[in-house]
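Asker: Handing you a structure now.
Laboratory data are not the source of any read-out in this text; all were calculated from the coordinates shown. Model, not experiment: these values are computed from the prediction. Backbone-built Cβ (ideal geometry, glycine too); neighbour counts: all protein chains shown.
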Amino acid sequence: MVRAAGGFFTVRTDTGNEYHCKARGMLKRGDAALMVGDRVIFNPEAGPPGASGQDGVVEKLLPRSNRLTRPSVANIDQLVVVMSLKDPACDWQLVSRMLVLAEKENLKSLVCLNKTDLLEDKSLKSVQSETTPYPYPLIFTSAKKGNGLDKLRSALDGNCSVFAGPSGVGKSSLLNALQPGLKLKTGIVSDKIRRGKHTTRQAELLALLNGGSVVDTPGFTRLEFQDLSQAELSAYFPEFDPLLGRCGFRDCLHITEPNCAVINEVGSSINSMRYDHYKYFAEEIGKGEGY
Ligand SMILES: Nc1nc2c(ncn2[C@@H]2O[C@H](COP(=O)(O)OP(=O)(O)O)[C@@H](O)[C@H]2O)c(=O)[nH]1
Ligand SMILES: [Mg+2]
Ligand SMILES: [Zn+2]
């Protein structure tokens, strides 16, 4: 299922034909509610489309390998977190938040930092040093000037990726630059608020020429953790992995404990910004758990 709008679900077959479908009632509610990326079984309508423009009915949802809820997509291989370095400024905490949710769903991730053309060399260098080390691949791009597009393209080859990030960072522009035939609508960043307007209204699964596919999604700026405990959070910071089991306390939460192997590595193998996000999230989840 590649697109949902107005009660219709667009289904694309392996040969690339698209069918404008209605869906059985049970596929509209709860866990079985259809998501972009879902594999489905549908019944094409015989004859030409009826007055409703409908040319099929989705009968059955096939098992999902994974799902993200913000944005709402299923059966993806990797998350591409897209941020701009300027206009709007990069929200690194939101990046970490998305990466945690991707880890929870066992998705691999990479981070694309767009609009490098708006930064002076000096500022770009300082971003690069602030993000060294970083536990995920970082790709610096300019959709406008074309920088970094080859790297991004090869990261997308053969994968089903989802582009996620606030609106106005250049998700649709990057996809257009990678594959001009897509002709996605892009927005104007308002001078006053320096934020993009939501020009991408719904998530949409796009086929890429090199065999991969990408879901372009509308932007969002808030993201909450649900069903996530303080104790499991550290498992979703992969840079902590080599240190687990080395803290003074066996159930160390790496926040205030003495002899904490994680805290000892902050500023060395652990990026201090990432550690700050960990602490912030742990406290946020802790409040929810009533500590
Ligand atoms: N200077 C500059 N502007 C860009 C770049 N990429 C996108 N933009 C602009 O940013 C605005 C928002 O882009 P859009 O692709 O709609 O962002 P989306 O909401 O993330 O899909 C548009 O005005 C684009 O022209 C870039 O690399 N450099
Ligand atoms: Mg867009
Ligand atoms: Zn610790």
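Asker: Mean-square fluctuation check for the chain, GNM, Cα pairs under 10 Å: which of R29, R39, R70 is largest?
Answerer: R29
Asker: Further question: To the nearest 10 degrees, how steep is helix 272-289 against the longest Cα principal axis of the chain, on a 0 to 90 scale?
Answerer: Helix 272-289 sits roughly 70 degrees off the main axis of the chain.
Asker: For the residue pair E224 and D150, what label-to-label distance in nm results when each label sits 7 Å from Cα along the Cα-to-beta-carbon direction?
Answerer: Label-label distance for E224 and D150, simple model: 4.6 nm.
Asker: Using the beta-carbon distance between Q202 and Y134 and R0 = 51 Å, what value does 1/(1 + (r/R0)^6) give for FRET efficiency, to the nearest 0.05?
Answerer: Computed FRET efficiency for Q202 and Y134: 0.95.
Asker: For helix 121-130, what angle does its Cα long axis make with the longest principal axis of the chain, in degrees from 0 to 90 and rounded to 10?
Answerer: Rounded to the nearest ten degrees, it is 70.
Asker: Oh, and also: Calculate the radius of gyration of the Cα atoms of the chain to one decimal place, then report Dmax, the largest Cα-Cα distance, as a whole number, both in Å.
Answerer: Both quantities, over Cα of the chain: 21.0, 72 Å.
Asker: Please say if segment 68-216 is rounded, prolate or oblate, where rounded means a/c under 1.5 for a ≥ b ≥ c the square roots of the C-alpha gyration tensor eigenvalues, and otherwise the choice is prolate for a/b larger than b/c and oblate otherwise?
Answerer: Rounded.
Asker: Going toward the positive end of the dipole of segment 20-145, with +1 on Lys and Arg Cβ and -1 on Asp and Glu Cβ, which of A23, G37, V82 do you reach last?
Answerer: Working it through, the farthest residue towards the positive pole turns out to be A23.
Asker: Taking the DSSP beta bridges in the chain as the whole, what percent of them are antiparallel, to the nearest 5?
Answerer: Beta bridges within the chain, antiparallel portion: roughly 45 percent.
Asker: Please report, in debye to the nearest 20, how large the charge dipole of segment 87-142 is about its Cα centre when each Lys and Arg carries +1 at its beta carbon and each Asp and Glu carries -1 there.
Answerer: 180
Asker: To the nearest 10 degrees, how steeply does helix 92-104 sit against the main Cα axis of the chain, on a 0 to 90 scale?
Answerer: That works out to roughly 70 degrees.
Asker: Could you sort 126-138, 254-266 so that the peptide with the highest average Cβ count within 10 Å comes first and the rest follow in order?
Answerer: So the peptides 126-138, 254-266, ranked by packing, come out 254-266, 126-138.
Asker: OK, next. Please give the length that would be gained between D276 and N264 if that part of the chain were fully extended, namely 0.36 nm times their separation in residues minus their C-alpha to C-alpha distance (nm, one decimal). Spell out each step's value before the answer.
Answerer: On the way: separation 12, 0.36 × 12 = 4.32 nm, distance 1.36 nm.
Taking D276 through N264 to full extension adds about 3.0 nm, to one decimal.
Asker: What's the magnitude of the charge dipole for segment 3-64 around its Cα centre, counting Lys and Arg as +1 and Asp and Glu as -1 at the beta-carbon? Answer in Debye, nearest 20.
Answerer: I would put it at about 240 debye.
Asker: Taking springs between alpha-carbon atoms closer than 10 angstrom, which of D121, D157, D276 fluctuates most in the Gaussian network model of the chain?
Answerer: D121
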